[in-house]
Amino acid sequence: MSKIDFTGRVAIITGAGGGLGRHHAIELAKRGAKVVINDLGGSKDGVGSSASAADHVVEEIKALGGEAVPNYDNVAIPEGGEHIVQTAIEAFGKIDILINNAGILLDSTFVKMDEKKWDVVVDVHLKGTFCVTKPAFLHMVKQSYGRIIMTTSGSGLFGNFGQTNYSSAKMGVVGLANVLKLEGAKYNIKTNVIAPIAGTRLTEDVVPPETFSRMKVDFVTPAVLYMCSEQCQDSGVIINAGLGYFSRSAIMTGEGVILSVGNKIPTPEEVMKNWSRITSLENARFFSNLGEMSSVLKK
Ligand code: NAI
């Protein structure tokens, strides 16, 4: 089995001042990567900012003999994303790996959801992923190499009460990965997605303490590191990881049913009559792009 080694690689990890991002960064650095530790340093609901979170992780990595520089920009604005990438170029000359990890939570039921709570969360998770990935992707295209990680959530993949803003943003990054896997293919840029399950400040209030203590971030990072490696040739894959469990989630499409041919338009009653066949996931298939899906209709 080949060893995963990041010697000579440069990585940006957003939101690396704590939680999962900190651990991804430390493990990348231990395996030779030069890392940019981005963190705005605010509260878990996105209030305030501080340099101390990023600085602390940089010191930890240096103490282990690794190379790291801090960055305190907000991922949610284009200038922030540009500056994060610029920090990597100025410090280390390039960017090979980007882990989009920064995140906040502002939960409320949909009845109480307002535009502000919606925008703040969507801005950090979805627009933030765009703002950093865009300038990073341009460098990766030029060097014909890149590994990008998006961080989604089971909340988006499966649904979770009280998180409409967060779930929507987290599915948005899946859509972004679905397209970047296609647009990055000829440049050897692989974009994959992690759906972590970990005990951090984001989950400490919602998980029973005995479970929380077992949900170590350490259990998520191995999947992230593999997807950041040269060895990983997959793109567009979503991996759930936590507590030693690893699995793939995917949007699958059922076999379906042809209700009419030619110009005959099926009636709503025919749809009703065939509902169980239409919604069946038996023999479901995975389509790697829209064209593959559309070709089914032409048959
Ligand atoms: P965390 O709160 O420990 O880490 C998130 C980091 O992002 C914080 O250090 C925070 O300061 C930083 N950050 C927030 N907004 C930022 C901004 N605008 N610009 C730069 N940095 C910013 O939480 P955790 O759990 O480590 O979360 C990491 C990622 O994993 C998030 O995207 C989260 O949504 C996702 N996630 C976590 C799960 C879990 O079980 N912990 C489950 C599913 C997804």
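The values are calculated or read from the model by the stated rules, or taken from the named source; none is laboratory data. Predicted model only: the values in this text are computed from it and were never measured. No Cβ is skipped: glycine too gets one built from the backbone with ideal geometry, and neighbour counts run over all protein chains shown.
So here's what we get for this one:
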| item | result |
| --- | --- |
| Set Glu27, Glu79, Glu59: member being in contact with a helix residue (DSSP H, G or I) (Cβ under 8 Å, 6 or more places away or on another chain) and among the acidic types (Asp, Glu) | Glu27 |
| The stretch 18-40, residues that are buried (at least 19 other Cβ atoms within 10 Å of the Cβ) and not in a helix (DSSP H, G or I) | Gly18, Ala33, Lys34, Val35, Val36, Ile37, Asn38, Asp39, Leu40 |
| Residues of the stretch 138-156 satisfying the condition of being assigned to a helix (DSSP H, G or I), within 26 Å of Ala88 (Cα to Cα) and not polar (S, T, N, Q) | Leu138, His139, Met140, Val141, Lys142 |
| Top-ranked residue of the stretch 51-79 - restricted to ones that are among the small types (Gly, Ala, Ser) and part of a helix (DSSP H, G or I), ranked as surrounded by the fewest Cβ atoms within 10 Å (Cβ to Cβ) | Ala63 |
| Residue match in the stretch 3-12 (condition: aromatic (Phe, Trp, Tyr) and either touching a Gly at 6+ places or on another chain (Cβ under 9 Å) or within 15 Å of the ligand (Cβ to nearest atom) (or both)) | yes |
| Close pairs (6 angstrom Cβ cut-off, 6 or more residues apart or separate chains): farther than 15 Å from Glu59 by Cα in the stretch 1-28, among the hydroxyl-bearing types (Ser, Thr, Tyr) and in a loop (DSSP other than H, G, I, E, B) anywhere | Ile4/Ser229; Gly19/Thr200 |
| Meets criteria (surrounded by fewer than 14 Cβ atoms within 10 Å (Cβ to Cβ), among the polar types (S, T, N, Q) and within 14 Å of the ligand (Cβ to nearest atom)) for Ser249 | no |
| Count - residues of the stretch 29-50 that are closer than 20 Å to Val85 by Cβ, without any contact (Cβ under 8 Å) to a residue 40 or more places away in the chain and more than 11 Å from the ligand (Cβ to nearest atom) | 2 |
| Wholly within the stretch 157-243, helices (runs of 4 or more DSSP H) carrying at least 1 residues that are of a type in the set (Asp, Glu), more than 10 Å from the ligand (Cβ to nearest atom) and at pLDDT 95 or above | 164-183 |
| Every pair of residues 6+ apart whose Cβ atoms lie under 7 Å, when the first sits in the stretch 85-102 and is within 18 Å of Phe6 (Cβ to Cβ) while the second is among the charged types (D, E, K, R) | Phe92/Lys34; Asp96/Arg9; Asp96/Arg147; Ile97/Arg9; Ile97/Arg147 |
| Pick from the stretch 41-50, criterion touching a Leu at 6+ places or on another chain (Cβ under 9 Å) and of a type outside the set (Ser, Thr, Tyr), ranking: surrounded by the most Cβ atoms within 10 Å (Cβ to Cβ) | Gly46 |
| Val85 being in contact with a helix residue (DSSP H, G or I) (Cβ under 7 Å, 6 or more places away or on another chain) and of a type in the set (A, V, I, L, M) | yes |
| Thr211 vs. criteria in contact with a Leu (Cβ under 9 Å, 6 or more places away or on another chain), surrounded by fewer than 15 Cβ atoms within 10 Å (Cβ to Cβ), of a type in the set (Ser, Thr, Tyr) and more than 23 Å from Gly32 (Cα to Cα) | yes |
| Options Ile84, Ile104; residue that is within 25 Å of Gln163 (Cα to Cα), at pLDDT 95 or above and not charged (D, E, K, R) | Ile104 |
| Members of the stretch 91-132 that are within 16 Å of the ligand (Cβ to nearest atom), within 14 Å of Ile12 (Cα to Cα) and basic (Lys, Arg) | none |
| Odd one out for Ala88, checked against (1) of a type outside the set (D, E, K, R); (2) within 9 Å of the ligand (Cβ to nearest atom); (3) buried (at least 24 other Cβ atoms within 10 Å of the Cβ) | (2) |
| Options Val271, Val224; residue that is surrounded by 14 or more Cβ atoms within 10 Å (Cβ to Cβ) and at negative phi | Val224 |
